[in-house]
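Trainee: Sharing a structure, written as structure tokens. Questions coming.
Derivation of every value follows stated rules applied to the coordinates shown; laboratory data play no part. Note that the coordinates shown come from a computational prediction; the quantities given were computed from them, not determined experimentally. All Cβ positions, even for glycine, are placed from backbone atoms using ideal geometry, and neighbour counts span all protein chains on display.
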Amino acid sequence: MIVAIASGKGGTGKTLLATGLAQVLAADGLATVHLLDCDVEEPNDHLFLSPTLTRKEEVSILVPKIDLARCTFCGRCAQVCTFHALAVVQKKVLTFPQLCHGCGSCARQCASGAISEEPMRMGQLEAGDAGKIHFAQGLMDVGQAMATPVIRRLKQWAIPREAEGDPLVLLDSPPGNACSVVETLRGSDFALLVTEPTPFGLHDLEIAVELARGELKLPVGVVVNRDGVGDHGVDDFCARAGVPILLRIPLDRRIAEAYSAGALWVDAIPEYREPLRRLYREVQAQIGGGQ
Amino acid sequence: MRIVVTANDPDLEAPVNPLFGRCELFMFVDTDTMAFEAAENPAIGSAHGAGIQAAQFIVEQGAQAVLTGQVGPNAFDVLQAAQVSVYTLPNGATVRQAVEAFLEGRLQKTNVANGPQGGGHGGRSASARP
Amino acid sequence: MKQSVTLSSKVDTAKSTLGATLARLTARVHSRRSLRTRSRKQWVILSGKGGTGKTTVTAALAHLAAREHQLVLADADVDAANLELLLSPTVVEEHEYVDGKVAAIDPQLCTGCGECAEVCRFGAIVAEGLNYRVDPTACGGCAACRYHCPAKAISMVDSPTGRWFRSETKLGPLFHARLYAGQESSGRLVTQVKQNARLLATEVGADLLLIDGPPGIGCPVIAATSGANLAILVAEPSVSGVHDLERILSTTRHFGVPAVVCVNKADINPAQTAQVKALCATQQVPLVGAIPFDTTVVEAMVHRQPVTQYRSSPAAVALQALWRDLEPWLEAETEQGPDRHAGRHV
């Protein structure tokens, strides 16, 4: 079962929820837990779990390399490149690897066989165990633009394909509602959206629900974090839209303190462990019950 | 010689558009006859590599010099590879003023890109291989 | 001068809506222009980590700066645009932004050979019955399949990316957008918003273009940051916040944009605030402000206002001090900003 944890608005508590759920369910033996930190631009899960990272792999995309001896400067490579990562002027070919998406069209369409492809590094994947949690994260290199190839590779690399039992895969998603979130959510069985009950939280949650439910056709449930801090807009919206609120985490200074110190909140405040077990059962029921 | 000025309107009295890859039009001017023609910037709708596409277009159209406000690093690389000179203008000049200033030798040639990287993808261009 | 106008391609000779609006705005704002010497600046508010308070700080700085300076505002967080929730904008202009395309396979022409699925490196082509189909949420529009298809069954169709708006607010014109959910091209829509904001700022001679940035360090952030004179990084005093601050600092440095840091909710963890301060010292980045945790922030949000409207609240007082420390950067003639020793250090 693959559960993606997203939000729309940043800072609502995705990492809080992902690490808490992973820790409680794994430690209690309720599931074989795989936790993937898909926020490859700013991954934080590892700060709370201190995994021992034993496996590493570089992520790269293939960018063009021009053999000027064979090149006829016909310009076809530049024509077929949707991203203008190549320019042919007079007897020169310029490549702009930062714009390249690695699609391979230039190499494939070159009539003179003058283009080969070489890897350009984008980031790194790392995996290892944190207690009983099977942990993996992606780390996009600073200065790179595209997170999606790193996320895609991370999921291919770390999500178990053939596995006994039905492992629980938790995906901690990046903030927002754009392509890196889509890449994370795609192929999941459930989207758990963490929000805060404020106008900002509501505004971004509405988009996230549309994304998960409308575009990606995933079942959706909401977790309200810092419940009590703002207004009732989120509650009203969820009622109208028929989105179940599966857990409310109250505004609790102890959580903020544990979190800011880098401590795992469910260890610091064990009374939150049972609500997270309940949340897991709720999600299982939602998936089992179908849409 | 054939020069090009970045603009928004096909009108000599209209201001230059400072942003090379994003201008609406290119005004090509033949400095010998002073005939000019306006062409729509094919890169205007494109987000990826607009500067590169714009640069390639004006090179293909035979421009030998560009009079504009800001040229980003990718576009600048293409223009430099094609030996097209770039002259930077202050904001607010009209197309006519730009051309006159060029003809009177009052414009400074730019040797480095002076605009930001656009399109969200940064400008680490690979130089042409030897 | 002999002239001839020939159009090598079809050109719409009517002035664009934006062009006409620029003319009106220019005439109107001349009378309000500040008499102080100034150079036109572009500041972007970033964080790395989400939820640190970028939008809160942007709205507050805009509110304070607008008292004496002419502003243009832009919300570059196009898939979660919140700045408009604090400024009560009136939309004056709206544009559909169609950028990029996605592939579409004509089932009538498709022979089911599967070559398209072979060449697609993005997992966007899936088998469907005897044919193949493109998943538009995975397709990035590279067109490799289209060039490769032996049956010429694939075409590229417009992929509407989102809408962008120009609105009027009491603090100045606001450019913002709404990305259609899950679109590939948030960076491009950010560029669209920013370019239009910059064009207006240049035309009317605004003192400052203030940009509310997105979280992260990838392409939307890069798009929001390009061309900025200054990046104001809003940091959260937590282990996560410090970790993420380091990466956004590396990013702004990588792209050559000078940065300053302010700490939000600074009093919730003094030890971590000290870590932020230490990081700034090591990286030689000015620490320009510290804003205490203050429930007024949410109260102001619920009432759709910048928190600086609540003038005596702790957050507002701190933001006023932050603005006083930042204002010299507005006047600075060089890219390096004012004398490094100016401004308060916490």
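Trainee: Output wanted: per-residue J couplings in Hz (rounded whole) for the stretch C:64-75, from phi through Karplus 6.51 cos²θ - 1.76 cosθ + 1.60, θ = phi - 60°, x for Gly and Pro.
Mentor: 6, 5, 5, 5, 10, 10, 8, 10, 10, 10, 9, 9
Trainee: Right, next: On a C-alpha basis, how far is the centre of the stretch A:26-98 from the centre of the stretch C:43-97 in Å? Whole number, if you could?
Mentor: Here the answer is 31 Å between Cα centres.
Trainee: Over the residues of the protein assembly as shown, compute the C-alpha Rg and express it relative to 2.2 N^0.38 Å.
Mentor: Normalised Cα radius of gyration, the protein assembly as shown: 0.96.
Trainee: Once label points are set 7 Å from the Cα along Cα→Cβ at both residue B:108 and residue A:164, what is their separation, rounded to one decimal in nm?
Mentor: 7.4 nm
Trainee: Can you tell me the order of C:313-325, A:112-124, C:196-208 when each peptide is scored by its average per-residue count of other Cβ atoms within 10 angstrom, highest first?
Mentor: So the order, starting with the most tightly packed, is C:196-208, C:313-325, A:112-124.
Trainee: Using amide H atoms built 1.01 Å from N in the peptide plane, name the residues 5+ places from residue C:131, or on other chains, whose amide H lies under 5 Å from its own.
Mentor: Amide H neighbours of residue C:131: none.
Trainee: In the Gaussian network model of chain A, springs joining C-alpha atoms below 10 Å, which of A:91, A:56, A:217 carries the largest mean-square fluctuation?
Mentor: Highest fluctuation among the options: A:91.
Trainee: Quick check for me: using +1 on Lys/Arg Cβ and -1 on Asp/Glu Cβ, what's the dipole size of the protein assembly as shown about its Cα centre, in debye to the nearest 20?
Mentor: Taking the Cα centre of the protein assembly as shown as origin, the dipole is about 1240 debye.
Trainee: How far apart, in nm, are the 7 Å Cα→Cβ label points at residue C:118 and residue C:312?
Mentor: 7.7 nm
Trainee: If you plug each phi of the stretch C:79-90 into the Karplus form 6.51 cos²θ - 1.76 cosθ + 1.60 with θ = phi - 60°, what whole-Hz ³J(HN,Hα) values come out, in order, with x for Gly and Pro?
Mentor: Calculated HN-Hα couplings, in order: 9, 7, 7, 10, 4, 4, 6, 10, 10, 6, x, 10 Hz.
Trainee: If you stretched the chain out fully between residue A:277 and residue A:65, how much longer would it get, using 0.36 nm times the residue separation minus the C-alpha to C-alpha distance?
Mentor: Length gained between residue A:277 and residue A:65: 71.1 nm.
Trainee: Does the stretch A:137-198 come out rounded, prolate or oblate by the C-alpha gyration tensor, with a ≥ b ≥ c the root eigenvalues, rounded set by a/c under 1.5 and, if not, prolate when a/b is larger than b/c and oblate if not?
Mentor: oblate
Trainee: Let me ask something else. Lone cysteines in chain A, going by a 4.7 Å Cβ-Cβ cut-off?
Mentor: Among the cysteines of chain A, those whose Cβ sits 4.7 Å or more from every other are A:38, A:71, A:74, A:81, A:100, A:110, A:179, A:238.
Trainee: Given +1 on the Cβ of Lys and Arg, -1 on the Cβ of Asp and Glu, and no further charges, what dipole in debye does the stretch A:222-276 carry about its Cα centre, rounded to the nearest 20?
Mentor: Once rounded to the nearest 20, the dipole reads 60 debye.
Trainee: So, one more: Would you mind classifying the stretch C:206-346 by shape? Square roots of the alpha carbon gyration tensor eigenvalues, ordered a ≥ b ≥ c; an a/c under 1.5 is rounded, otherwise it is prolate if a/b is larger than b/c and oblate if not.
Mentor: Verdict is rounded for the stretch C:206-346.
Trainee: Using +1 at the Cβ of each Lys and Arg and -1 at the Cβ of each Asp and Glu in the stretch C:206-346, identify which of C:243, C:264, C:289 lies farthest towards the dipole's positive end.
Mentor: It is C:243.
Trainee: Next question, about the same structure. Using a/c under 1.5 as the rounded threshold, could you call the stretch A:68-113 rounded, prolate or oblate? The axes a ≥ b ≥ c are square roots of the C-alpha gyration tensor eigenvalues, and prolate needs a/b larger than b/c, oblate otherwise.
Mentor: Note, shape of the stretch A:68-113 comes out oblate.
Trainee: Among A:73, C:175, B:102, what is the fewest-to-most ranking by other Cβ atoms within 10 Å?
Mentor: A:73, B:102, C:175
Trainee: Going toward the positive end of the dipole of the protein assembly as shown, with +1 on Lys and Arg Cβ and -1 on Asp and Glu Cβ, which of C:231, A:79, B:15 do you reach last?
Mentor: With unit charges placed on the Cβ atoms, the residue in question is B:15.
Trainee: Here's a follow-up. Averaged over its residues, how many other protein chain Cβ atoms are within 10 Å of peptide C:75-85's Cβ atoms?
Mentor: 5
Trainee: Which helices of chain A meet both criteria: a Cα extent of 20 Å or more along the helical axis and a mean Kyte-Doolittle score no lower than 0.0, with helices taken as whole DSSP H segments?
Mentor: Span-like helices, by this rule, are absent here.
Trainee: On to the next question. Viscosity 1.567 mPa s, temperature 4 °C: give me the Stokes-Einstein translational D for the stretch C:184-264 in µm²/s, with Rh taken as the Kirkwood radius over C-alpha pairs.
Mentor: 96 µm²/s
Trainee: Considering amide H positions built from the backbone, and no H for Pro or chain starts, which residues 5 or more places from residue C:93, or on another chain, come under 5 Å of its amide H?
Mentor: Under 5 Å from the amide H of residue C:93 lie the amide H atoms of C:166, each far enough along the sequence or on another chain.
Trainee: Given R₀ = 56 Å, what would the calculated FRET efficiency be for residue A:287 paired with residue B:34, taking r from the Cβ atoms and rounding to 0.05?
Mentor: Using R0 = 56 Å, I get an efficiency of 0.15.
Trainee: Here's something else I'd like to know. Using just the helices of the protein assembly as shown, give the 222 nm mean residue ellipticity in deg cm²/dmol: DSSP H runs with n ≥ 4 each add -39,500 (n - 2.57), and the total is spread over all residues, rounded to 500.
Mentor: -9500 deg cm²/dmol
Trainee: With +1 assigned to the C-beta of every Lys and Arg and -1 to the C-beta of every Asp and Glu, and no other charges, what is the dipole magnitude of chain A about the Cα centre in debye, to the nearest 20?
Mentor: 1080 debye
Trainee: Suppose a student asked you for the relative contact order of chain A, using Cα pairs under 8 Å spaced at least 6 residues apart; what percent would you report?
Mentor: Here the relative contact order equals 26 percent.
Trainee: Which one of A:119, A:60, A:106 has its Cα pushed farthest toward the positive end of the charge dipole of the stretch A:52-163, where Lys and Arg give +1 and Asp and Glu give -1 at the Cβ?
Mentor: The listed residue farthest towards the positive side: A:106.
Trainee: Suppose we keep just the DSSP beta bridges with both residues in chain A; what percent of those would be antiparallel, to 5?
Mentor: 50 percent
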